[in-house]
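Where a number appears in this text, it was derived from the coordinates with a stated rule and is not lab data. Not measured: the values here are computed from a predicted model. Reconstructed Cβ throughout: ideal geometry from the backbone, glycine too, with neighbour counts over all protein chains shown.
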Amino acid sequence: MSGSVPVVDIAPFLDGTDKPSVARAVAEACERIGFLVLSGHGLDPAVVERAFERSRAFFDLPRAEKDRWHPTGPSRQRGFHGFATRGLAYTLGEDAPPDLRETFFLGPVDDHREHFAYLPEAANAYAPNIYPDAPAGTAEALVGIYRAYERLSADLLRIFAVALDQPEDWFAGFIGRHFSILSSHHYPALRELPKPGQLRTGAHTDFGALTILAMTEADGGLEVRMPDGAWQPVRPPPGTLVVNLGDMMARWTDGRWTSTLHRVANPRDLNSARSRRQTIGYFMHPDYDAPIGAIPSCVPAGEEPGFPTISAGEHIAMKIAASHEGAAAAKPA
């Protein structure tokens, strides 16, 4: 166990030796808290370490240098975003100070803009990436871990399908042109006291289908809101990954599986040399036009789904719009 978040070894599913047991363990975690720690995932540790090392070198550059890769225009989840310039608590309509981190984002590595030209509203989801040319190897390292997460997310969706009593390839037709986001977050040691209510990352749920997260060990880290309302630290063993469900998967399963509040706490000792922290996450969004309707096994016989079917793009746009409206409402007039 990792606190109260279960550790699930998915190797027996991936090698075919015991798919049912893995699917049952995943289903239990997804129904109970929407979080699990993943072992046996097959990700090359060298790929993960290279991405952390090159990201660390990038974040050590002077701010003016990093700002060369800040995005312009409407597509915001690309390139570099400076320290304390974004806040996830806003997605819940809370008037909280911005998060104590800086980030580099990648979107889809493959170019699907021509395919979605008929949907102008999809343009931001498939906007070109901003690749840093310094330090050497940073872009290649980030693309490398993006591709590794991309493969793992497809494997996880196969497990999810079996866990939901569907054919193993049930999700496969929805992810060929996904618009998933990679985020490399850096939480530097703090030099001054946070503002009231200010966290490394404010409490939020993720918008997409699922999230995969690798993290370095440091003071002040990920916490999950457990079913009893308590905040539980998540401390994954070395070599494991954290996986959680997003709001889209909760909708896809008609509420059978849960998208859970989580946050990143501040270190208790602001002067601790161990408080510098990094995470590299992958937020899996299916194809922009993928229909997000209740999976058949998630709706009891004779009942209607709790949500109408909408596209993945519509779901994300709705969540973003709601977060903007909530943040505006939370601010004083």
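Points worth noting:
- With respect to the chain, whose longest principal axis is taken over its alpha-carbon atoms, helix 138-163 is tilted by about 30°.
- Per-selection Rg to Rh, segment 81-191 - Cα, Kirkwood hydrodynamic radius: 1.03
- With contributions of -39500 (n - 2.57) from each DSSP H run of at least four residues, the per-residue ellipticity at 222 nm computed over the chain stands at -8500 deg cm²/dmol.
- Above 31 Å, the calculated P(r) of the chain contains 29 percent of its Cα-Cα pairs.
- Seen against the Cα atoms of the chain and their longest principal axis, helix 312-330 is set at about 50 degrees.
- For the peptides 236-246, 131-141, residues were scored by their other Cβ atoms within 10 Å and the scores averaged per peptide; the highest-first order is 236-246, 131-141.
- Counting only aspartates and glutamates at least 8 places from residue 66 when in the same chain, those with an alpha carbon closer than 13 Å to its own are 102, 133.
- Measuring between their Cα centroids, segment 5-81 and segment 259-299 lie 9 Å from each other.
- Sorted from longest to shortest, the spans of the Cα atoms of segment 177-327 along the three principal axes equal 58, 31, 29 Å.
- The 3J(HN,Hα) values that the Karplus relation (6.51, -1.76, 1.60; θ = phi - 60°) gives for segment 114-126 are, in residue order, 5, 4, 9, 4, 6, 10, x, 5, 8, 4, 5, 5, 10 Hz. Gly and Pro appear as x.
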